[in-house]
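The values are calculated or read from the model by the stated rules, or taken from the named source; none is laboratory data. For clarity, every value in this text was computed on a predicted model and none was experimentally measured. Virtual Cβ from ideal backbone geometry, glycine too; neighbours counted across all protein chains shown. Remember, those area values only see protein heavy atoms, side chains included, never the ligands or the DNA or RNA. Shrake-Rupley method; radii C 1.70, N 1.55, O 1.52, S 1.80 Å.
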Amino acid sequence: MKLFLDIGHPAHVHYFRHFIKTMESGGHRFLITARRREYVGELLEAYDIPFMDRGKGGTTLAGKLFYLIKTVVQQYFRALSFRPDIFIDFSTIYSGPAAWCLRKPYLTFTDTENTRLYRRLIQPFCSAVYTPLCFKDDLGSTHVRFNGLMEMASISGFRPNPQVLGLLGLEAGAPFAMVRFVDWKALHDRGKKGFSEAQKEILVQRLAAHGRVLISSEGPLPKSLERYRVTLPAHLIYNVLFYASVFVGESATMASEAALLGTPSLFVSDFQLGYLQYLEKVGGLVHNFGSSLREQQAAISMSEKLMLQPGEREKTREKAQAFLNRHIDVTQFMVDVAEEWGGVQAKTEEVKGDTTPVGG
């Protein structure tokens, strides 16, 4: 079976990398396209996953629209040459028209309720859309829910490497905080926010009083915080999340990953995401805060408290393992989905005897 997989974000690399390797070990082939953005290419290269660069994307609304149209056309011609059996992505919106034109199944995953504009563009082309059970919206007749979270596929098989601490100048057992800021430039981020510049500085000052602070940031930092920026190969970041005393930040993905790795985790943002609320209410693994000044201040106080609390990381690690044990192997679920749709497609082609593209 041949699969056309599109990747638009560093998180997507982690979601699909085990799936790719598992499918390839079964004799299946991939054409992988990827957006040129923070860490995507670096991660794919680190995991030895060949890919085609589909460009950086636009920054203005007009630029984004031009990039959308151009990339949709390019994806069609790439697919026309590769002749995939199925298309798959994490709601990146660029491959659906190609799947429709080539009369192939288009499977997409999502876990983010605030991407409604993207879904309007994707929905007409979808054969199926897969979400965690805790996803709050109903996406219609093609919607399939699974008992797991996407980040469970990301951390599958993770084994911590204590040597990474040495690369950061940290001693084993030394307290440190991992902080993540985003740039709020994505289309679905418009009008949303997390920490203010002033509260970023206060957060880091408060945490730095108790140990090292490492910052990962999509955009520029205040000059006073630039010295805290972590410089480490992107594929090693899970080690930082695993060994951290606390994670606090504006990235929903990293908040979830840190929590599932057993690190006390705080998420600060306007977004109210079903899977993070699920991690908080059912797993007791994430503390969710809004972006009001009062909420930011509460998050800073709690992050400081969690960093100082004896045994907090060990307790969180036990809760994370118990939580993982109650859910499915998400990578295997994706493999099963792909093989099922590949089998359906093979039978359909055998019956119809026609795979001519629309307009071909």
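The lone criterion from (1) modelled with pLDDT of 95 or more; (2) of a type in the set (D, E, K, R); (3) closer than 30 Å to L5 by Cβ left unmet by E280 is number (3).
Okay, residues lined up against (1) assigned to a loop (DSSP other than H, G, I, E, B); (2) at pLDDT 95 or above:
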| residue | (1), (2) |
| --- | --- |
| P310 | yes, no |
| R317 | no, yes |
| Q321 | no, yes |
| F333 | no, yes |
| G343 | no, no |
| K347 | no, no |
| V351 | no, no |
| T355 | yes, no |
| V358 | yes, no |
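Note on the stretch 24-34: residues that are surrounded by fewer than 23 Cβ atoms within 10 Å (Cβ to Cβ) and under 25 Å from T115 (Cα atoms) amount to 1. Among the conditions (1) open to solvent by 50 Å² or more (accessible area, probe 1.4 Å); (2) closer than 25 Å to E24 by Cβ; (3) in a helix (DSSP H, G or I), R120 misses just one, which is (2). Open to solvent by 80 Å² or more (accessible area, probe 1.4 Å), among the hydroxyl-bearing types (S, T, Y) and over 20 Å from Y106 (Cβ atoms): is that true of Y39 in this structure? Considered against the rule, which asks whether it is open to solvent by 80 Å² or more (accessible area, probe 1.4 Å), among the hydroxyl-bearing types (S, T, Y) and over 20 Å from Y106 (Cβ atoms), Y39 comes out as yes. Has the stretch 10-23 got any residue that is open to solvent by 20 Å² or more (accessible area, probe 1.4 Å) and touching a strand residue (DSSP E or B) at 6+ places or on another chain (Cβ under 6 Å)? For the stretch 10-23, residues open to solvent by 20 Å² or more (accessible area, probe 1.4 Å) and touching a strand residue (DSSP E or B) at 6+ places or on another chain (Cβ under 6 Å): absent. Taking each residue of the stretch 47-76 that is touching a residue at least 40 places away in the same chain (Cβ under 8 Å) and more than 22 Å from L102 (Cα to Cα) and looking for partners that are among the charged types (D, E, K, R) and assigned to a helix (DSSP H, G or I) with beta-carbon atoms closer than 9 Å, six or more apart or interchain, yields Y47/R17; Y47/K21. What do you reckon, is L276 in a helix (DSSP H, G or I), in contact with a Phe, Trp or Tyr (Cβ under 6 Å, 6 or more places away or on another chain) and either more than 19 Å from L43 (Cα to Cα) or not small (G, A, S) (or both)? Against the criterion (in a helix (DSSP H, G or I), in contact with a Phe, Trp or Tyr (Cβ under 6 Å, 6 or more places away or on another chain) and either more than 19 Å from L43 (Cα to Cα) or not small (G, A, S) (or both)), L276 qualifies. Checking each residue in the stretch 256-279 for being of a type outside the set (S, T, Y), buried (at least 24 other Cβ atoms within 10 Å of the Cβ), in contact with a Ser or Thr (Cβ under 7 Å, 6 or more places away or on another chain) and in contact (Cβ under 8 Å) with a residue 60 or more places away in the chain picks out E257, A258, A259, V268, L279.
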